[in-house]
Amino acid sequence: MSLTPSTMLPLGTTAPDFRLPDTNGKTVSLADFKDKPALLVIFMCNHCPYVQHIRAGLAQLAHDYLPRGAAIVGINSNDVANYPDDSPAKMAAEVKAAGYLFPYLYDESQAVAKAYHAACTPDIFLFDRGRRLVYRGQFDASRPGNGIPVTGKDLRAALDAVLAGKTTSAFQAPSVGCNIKWKAGNEPDYF
């Protein structure tokens, strides 16, 4: 397993636009969430052991926070030619198997990952009502093999703050995981 940290995009950054297909072929865009008080964007994939480690926690997080008004989208930007386990068909199967209640989008061009300066899976970005970045970092301190339970503590605290109209914690630890699988010649210049 290669270990890649998130780039820690500057707080206050405006959410980059996106228009991507979900696992049913429906186009989902940033504008679809304009009335939501919080938008959580998670760069993820099917095969990454770090995403698999928090899989049930992500499903539970959506179950807990979608009814409270938060919007959540997962985005897979991996090169599926070289990583076929992350193909759109397998993404659809993953949505069902994991019990994800949020749209899982496919970023075939990898342009959206680049716009967000995404680096790893999972890479987590939380935006407030004005679509300003208020949290980027880890789900929690749990990692495969470290024995710490998956709770989503860090992300839940940030979501609670945003939904209450409060400021998120100044302490934000980077997410770590597998690097996004860039297509040959398409690697971003922000590393």
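Of note:
- Filtered residues of the stretch 17-35 (kept if touching a residue at least 60 places away in the same chain (Cβ under 8 Å) and closer than 10 Å to Phe127 by Cβ): Leu30
- Filtered residues of the stretch 45-58 (kept if more than 15 Å from Leu159 (Cβ to Cβ) and among the aliphatic types (A, V, I, L, M)): Val51, Ala56
- Scanning the stretch 6-35 for residues that are aliphatic (A, V, I, L, M), assigned to a loop (DSSP other than H, G, I, E, B) and at negative phi gives Leu9, Leu11, Ala15.
- Enumeration of residues in the stretch 126-139 that are of a type outside the set (Val, Ile, Thr) and in a strand (DSSP E or B): Leu126, Phe127, Arg132, Leu133, Tyr135, Arg136, Gly137
- Within the stretch 100-132, being touching a Pro at 6+ places or on another chain (Cβ under 6 Å), among the hydroxyl-bearing types (Ser, Thr, Tyr) and over 23 Å from His63 (Cα atoms) holds for one residue alone: Tyr116.
For (1) closer than 24 Å to Gly69 by Cβ; (2) outside any helix (DSSP H, G or I), each residue gets a yes or a no:
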{"residue": "Gly147", "(1), (2)": "no, yes"}
{"residue": "Ala158", "(1), (2)": "yes, no"}
{"residue": "Gly165", "(1), (2)": "yes, yes"}
{"residue": "Gln172", "(1), (2)": "yes, yes"}
{"residue": "Cys178", "(1), (2)": "no, yes"}
{"residue": "Lys181", "(1), (2)": "no, yes"}
{"residue": "Glu187", "(1), (2)": "no, yes"}
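- Only residues that are surrounded by 13 or more Cβ atoms within 10 Å (Cβ to Cβ), without any contact (Cβ under 8 Å) to a residue 60 or more places away in the chain and of a type in the set (A, V, I, L, M) were counted across the stretch 156-191, and they come to 4.
- Scan the stretch 132-155 for residues that are charged (D, E, K, R), over 23 Å from Asp86 (Cα atoms) and buried (at least 17 other Cβ atoms within 10 Å of the Cβ) and the total you get is 3.
- Some residue of the stretch 123-141 being farther than 25 Å from Lys26 by Cα and polar (S, T, N, Q): yes
FYI, it's all coordinate maths here, none of it is from the lab. None of these values were measured; they are calculated from a predicted model. A quick note on method: Cβ atoms are made from the backbone with ideal geometry, for glycine too, and the neighbour counts reach across all protein chains shown.
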